[in-house]
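Read through the structure below, which is laid out as structure tokens, and then see the notes.
The values are calculated or read from the model by the stated rules, or taken from the named source; none is laboratory data. Bear in mind the structure is a predicted one, so any value in this text is a computation, not a measurement. Note: ideal-geometry Cβ built from the backbone for every residue, glycine included; neighbour counts use all protein chains shown.
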């Protein structure tokens with residue numbers, strides 16, 4: 001037997017015949033009188049690279065704690081092979097009780113190894129922390145970096161990581177990606193960071209409606225897989241003629257539609273980026289146009305040669321930009337580099353040391369910070385939105401019933417009277433977004449809006465911001481979110497200063513790679529540019545059915561718009577919820593269903609219209625080439 005065959009067989013036996021390092025069998029847990037999950041079965045083998053996904057409140061963190069042995073289930077068996085080492089990273093690490101961060105990290109080592117702190121010091125150096133620092137004074141990002149060093153120092157067989165990228169800046173996230181990429185053990189990740197999960201995972205665990213499903217492909221395939229499951233469930237329900245459970249219908253119907261990335265919005269974003277790029281190429285800065293008479297003037301913020309320093313540390317030196325109405329600006333950079341200072345300068349809250357910042361005419365600003373200071377724990381969700389009492393929310397000048405508006409932000413009507421203090425971190429963030437986005441502002445400033453949001457809520461936020469008609473400035477470390485939302489990216493770097501790039505995060509990284517002379521092949525490989533829909537082989541013309549649908553769809557969309565408006569008028573009746581709660585729910589469900597149909601019609605129309613335009617463009621190009629050839633022949637030139 002050759003050495004290659006022997007090694008291959010040994011690896012096959014180790015990974016596929018050896019029993020799992022850890023397994024759960026028939027695990028069930030009830031929380032608050034309702035089953036959180038039932039009959040869960042899970043096996044984690046050597047080299048596992050999987051993610052655990054599901055909506056906020058589905059029980060992901062609780063299940064991970066059961067895997068870690070921190071929570072006992074009501075029923076079922078947890079088995080772990082002797083000698084297997086597991087390390088668990090909580091969402092909010094507790095560093096209290098340790099004099100130095102070195103002590104905190106080394107505490108997980110066996111007692112005989114705790115005096116040998118070189119591994120702890122080396123890891124702390126990699127995450128940029130002083131081993132002798134007092135952890136009681138750490139920020140959220142520093143605490144998370146220390147906790148990551150703590151779970152890695154013991155070289156575990158399995159890592160269980162609950163939202164490891166929360167509070168981390170982009171350099172730290174990219175460092176963690178590299179560490180996990182070469183990690184020899186296995187890991188289970190809970191994260192809302194799509195790019196992070198796409199790059200690292202080989203399988204997916206989906207906790208959905210108390211059931212755990214496994215898919216033997218990474219997160220990049222999750223949306224197609226989950227939508228296929230839900231489509232098959234719909235068919236089965238139709239065959240059995242069973243009524244969809246109200247909660248299931250509400251939680252999945254709108255989400256499925258949002259996940260089918262609306263091609264019109266993506267195309268609009270790309271067009272905005274292209275316009276911005278042409279303006280920069282032509283003038284070196286964004287060109288001003290005449291005021292259109294809308295809520296704010298064309299110029300929103302103009303920054304001329306601005307500088308800002310604190311003591312000897314210069315954060316911003318000679319930066320200039322111009323933000324015009326409708327721009328969507330993303331700000332990225334390491335923690336502590338000065339992103340909040342830049343926001344303060346742009347919005348007039350901080351005076352520059354040099355240069356000038358000018359705010360445009362009629363600018364009304366809404367600023368959402370990270371601290372959620374507006375939320376009062378003792379108040380209910382209802383009262384938080386209805387500051388003046390009653391049951392109506394004034395959403396950008398239009399009255400909405402509070403329960404109807406809460407549904408837009410994925411709250412169940414039963415949560416309307418829930419105290420704010422009992423909400424999860426993601427729910428609190430959703431509530432603050434709902435409150436902030438209701439106000440009539442034409443400049444929206446969001447500082448880390450994606451913290452603690454699950455993927456469905458991130459999709460909702462992208463959806464809301466796509467429809468926002470004002471100007472947006474957002475600080476975020478979520479690369480996928482920036483790629484889907486912003487038209488311009490401002491990168492702050494301690495060494496190279498402040499630079500502005502057209503497009504999202506991936507566009508900025510590609511531009512940096514090109515400028516450095518390294519080429520941009522690796523960056524382009526992970527770039528998420530939308531493709532124009534259409535067949536691989538160019539069609540000569542639309543089919544009869546396609547032409548007919550293209551003619552029919554505008555009337556269908558108009559009809560659905562009218563039906564939605566009529567249903568919303570019923571829903572907005574001030575006394576409907578108190579008079580007929582079931583009627584309120586049925587009307588809200590009807591609106592959700594109609595909106596889903598409308599989005600499907602819009603996507604179908606856009607695809608057909610794109611295909612028609614592509615065919616027309618190819619036809620015109622062919623005719624132009626033919627005319628050019630004929631002209632060349634007449635002139636006696638070779639064609």
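Quick notes on this structure:
- The residue list 130, 74 contains one member that is out of contact with any strand residue (DSSP E or B) (no Cβ under 6 Å at 6 or more places or on another chain) and surrounded by fewer than 17 Cβ atoms within 10 Å (Cβ to Cβ), which is 130.
- Search result, residues across segment 110-129 that are without any contact (Cβ under 8 Å) to a residue 12 or more places away in the chain and part of a helix (DSSP H, G or I): 111, 112, 113, 118, 122, 125
- Some residue of segment 502-518 being outside the structural domain of residue 57 (by TED's automatic domain parsing) and over 30 Å from residue 308 (Cα atoms): yes
- Residue 261 at pLDDT below 90, within 25 Å of residue 460 (Cβ to Cβ) and in a loop (DSSP other than H, G, I, E, B): yes
- The one condition in (1) over 30 Å from residue 492 (Cα atoms); (2) surrounded by fewer than 22 Cβ atoms within 10 Å (Cβ to Cβ); (3) touching a strand residue (DSSP E or B) at 6+ places or on another chain (Cβ under 8 Å) that residue 100 fails to fulfil: (3)
- Any hit, segment 453-462, residues being modelled with pLDDT under 80, touching a helix residue (DSSP H, G or I) at 6+ places or on another chain (Cβ under 9 Å), crowded, with 20+ Cβ neighbours inside 10 Å and closer than 23 Å to residue 171 by Cα: yes
- Only one entry in 472, 465 is part of a helix (DSSP H, G or I), closer than 11 Å to residue 328 by Cβ and at pLDDT 85 or above, namely 465.
- Filter pass, residue 410 being in a helix (DSSP H, G or I) and either surrounded by fewer than 21 Cβ atoms within 10 Å (Cβ to Cβ) or out of contact with any strand residue (DSSP E or B) (no Cβ under 6 Å at 6 or more places or on another chain) (or both): no
- All positions within segment 332-391 that are surrounded by fewer than 15 Cβ atoms within 10 Å (Cβ to Cβ) and not in a loop (DSSP other than H, G, I, E, B): 354, 356, 358
- Inclusion of residue 422 among residues that are surrounded by fewer than 18 Cβ atoms within 10 Å (Cβ to Cβ), over 23 Å from residue 341 (Cβ atoms), in the same structural domain as residue 300 (by TED's automatic domain parsing) and at pLDDT 80 or above is warranted.
- Filter result (assigned to a helix (DSSP H, G or I) and closer than 8 Å to residue 29 by Cβ) within segment 64-79: 66
- Counting only residues that are under 14 Å from residue 58 (Cβ atoms) and in contact with a strand residue (DSSP E or B) (Cβ under 8 Å, 6 or more places away or on another chain), segment 25-39 holds 5 of them.
- Restricting segment 103-118 to residues that are more than 18 Å from residue 85 (Cα to Cα) and loosely packed, with under 10 Cβ neighbours inside 10 Å leaves a set whose member that is modelled with the lowest pLDDT is 115.
- Qualifying residue in segment 423-431 (condition: touching a strand residue (DSSP E or B) at 6+ places or on another chain (Cβ under 8 Å) and more than 26 Å from residue 599 (Cβ to Cβ)): no
- Residue within segment 84-100 that is within 27 Å of residue 193 (Cβ to Cβ) and out of contact with any helix residue (DSSP H, G or I) (no Cβ under 9 Å at 6 or more places or on another chain) present: yes
- Selected residue (criterion: surrounded by the fewest Cβ atoms within 10 Å (Cβ to Cβ)) from residues of segment 392-406 that are without any contact (Cβ under 8 Å) to a residue 60 or more places away in the chain and outside any helix (DSSP H, G or I): 397
- Members of segment 193-226 that are in contact with a helix residue (DSSP H, G or I) (Cβ under 6 Å, 6 or more places away or on another chain), within 24 Å of residue 38 (Cβ to Cβ) and in contact (Cβ under 8 Å) with a residue 24 or more places away in the chain: 204, 207
- Residue within segment 547-569 that is part of a loop (DSSP other than H, G, I, E, B), within 30 Å of residue 474 (Cβ to Cβ), at pLDDT below 80 and within 29 Å of the chain's Cα centre (by Cα) present: no
Residues checked against (1) assigned by TED's automatic domain parsing to the domain that holds residue 22; (2) without any contact (Cβ under 8 Å) to a residue 24 or more places away in the chain:
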{"position": "73", "(1), (2)": "yes, no"}
{"position": "77", "(1), (2)": "yes, no"}
{"position": "93", "(1), (2)": "no, no"}
{"position": "96", "(1), (2)": "no, no"}
{"position": "100", "(1), (2)": "no, no"}
{"position": "103", "(1), (2)": "no, yes"}
{"position": "108", "(1), (2)": "no, no"}
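- Any hit, segment 605-628, residues being in a helix (DSSP H, G or I), in contact (Cβ under 8 Å) with a residue 24 or more places away in the chain, loosely packed, with under 11 Cβ neighbours inside 10 Å and not assigned by TED's automatic domain parsing to the domain that holds residue 406: no
- From 188, 153, residue being touching a helix residue (DSSP H, G or I) at 6+ places or on another chain (Cβ under 8 Å), closer than 28 Å to residue 66 by Cβ and modelled with pLDDT of 95 or more: 188
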